[in-house]
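Asker: Take this structure first; my questions come after.
Every read-out reported here was derived from the displayed coordinates using simple, explicitly stated rules and does not represent laboratory data. Everything quoted here is computed from the prediction, not taken from an experiment. Cβ placement follows ideal geometry from the backbone for every residue including glycine, while neighbour counts extend to all protein chains displayed.
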């Protein structure tokens, strides 16, 4: 059975809302580590800058959720907890792990947003344009992460797989529930 365009758009907004909020929580966890155990003001500044984009994205989807009367995912409290934990834990492992966390998530989001862009029809032009812009921001974050030392060499490749798998699972759940 083919899903109606309205249902598909509701799923897109629900999952994107959860994802952008999750990105903020990851950065909050990273900043928590940087403000308590790890001192790196340069990294802290970069993360704060990236988090500003995520707040813009999250605010847009928060408004769309309200405007269109869409129920957010029931898993938001769990995603919040896991996001802060992932951000904190990756930063405790060091700058390379913290930046890999950003790169890995953004690589999943790049494909996710690209898939949505291809499916959104012309009657949702504003939504499509916002997702195109947000995807560009996410790709910029990925590039920053690699420029700042993100790597998939050695055990970092395992961390990359764990983060990407977790992100994909969260996406699949958040679309539906």
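Asker: Quote the relative contact order of the stretch 5-176 in percent (integer), defining contacts as alpha-carbon pairs under 8 Å separated by 6+ residues.
Answerer: Contact order relative to length: 31 percent.
Asker: Tell me, Kirkwood radius of the stretch 25-95 from alpha-carbon pair distances, in Å?
Answerer: Details: mean 1/r = 0.0758 Å⁻¹.
Over the stretch 25-95, the inverse of the mean reciprocal pair distance is 13.2 Å.
Asker: Please order 112, 17 by the number of other Cβ within 10 Å, starting at the fewest.
Answerer: 112, 17
Asker: Using 0.36 nm per residue of separation minus the Cα-Cα distance, give me the extension gain between residue 63 and residue 177 in nm, one decimal.
Answerer: Length gained between residue 63 and residue 177: 39.1 nm.
Asker: Among 144, 9, rank each residue by its count of other Cβ atoms within 10 Å, from fewest to most, as a rough exposure measure.
Answerer: Neighbour counts put them in this order, fewest first: 144, 9.
Asker: Sticking with this structure for a sec: Tell me the mean residue ellipticity at 222 nm calculated for the chain from its helices only (DSSP H runs of n ≥ 4, each -39500 (n - 2.57), averaged over every residue, nearest 500).
Answerer: Numbers: 6 runs with 145 residues, N = 177.
Result for the chain, helices only: -29000 deg cm²/dmol.
Asker: Ok, one more. Using only Cα atoms, locate the centre of the stretch 155-177 and the centre of the stretch 1-31, then give the distance between them in Å, rounded to an integer.
Answerer: Cα centres, the stretch 155-177 to the stretch 1-31: 14 Å.
Asker: Using 0.36 nm times the number of residues separating residue 121 and residue 81, minus their current alpha carbon distance, what extension gain do you get? Intermediate values should be presented prior to the final figure.
Answerer: On the way: separation 40, 0.36 × 40 = 14.40 nm, distance 3.43 nm.
Result for the pair: 11.0 nm of gain on full extension.
Asker: Subtract the Cα-Cα distance of residue 164 and residue 5 from 0.36 nm times their separation in residues, and report this length gain in nm to one decimal.
Answerer: Once the chain is fully extended between residue 164 and residue 5, it gains 54.5 nm.
Asker: Would you please report the Å³ per residue occupied by the convex hull of the alpha carbon atoms in the chain?
Answerer: It is 108 Å³ per residue.
Asker: For 68, 135, 14, what's the fewest-to-most ordering of other Cβ within 10 Å of each Cβ? Working shown, then result.
Answerer: Numbers: 68 13, 135 19, 14 22.
The most exposed by this proxy come first: 68, 135, 14.
Asker: With everything on Cα atoms, drop me the angle between helix 95-119 and the longest principal axis of the chain, reported from 0 to 90° to the nearest 10.
Answerer: 10
Asker: Kindly express, to the nearest 10 degrees and within the range 0 to 90, the angle between helix 156-176's C-alpha long axis and the longest C-alpha principal axis of the chain.
Answerer: Long axis of 156-176 versus the principal axis of the chain: about 30 degrees.
Asker: If I model a spin label at residue 152 and residue 140 as a point 7 Å from the Cα along the Cα→Cβ vector, what separation in nanometres do I get?
Answerer: 2.4
Asker: What do you get when you divide the Cα radius of gyration of the stretch 98-177 by 2.2 N^0.38 Å, with N the number of residues?
Answerer: The stretch 98-177 yields a ratio of 1.21.
Asker: Something else: Kirkwood hydrodynamic radius of the stretch 61-138 from all distinct Cα pairs, in Å?
Answerer: 14.6
Asker: If contacts are Cα pairs under 8 angstrom and at least 6 residues apart, what is the relative contact order of the stretch 87-150 in percent?
Answerer: Over the stretch 87-150, the number comes to 51 percent.
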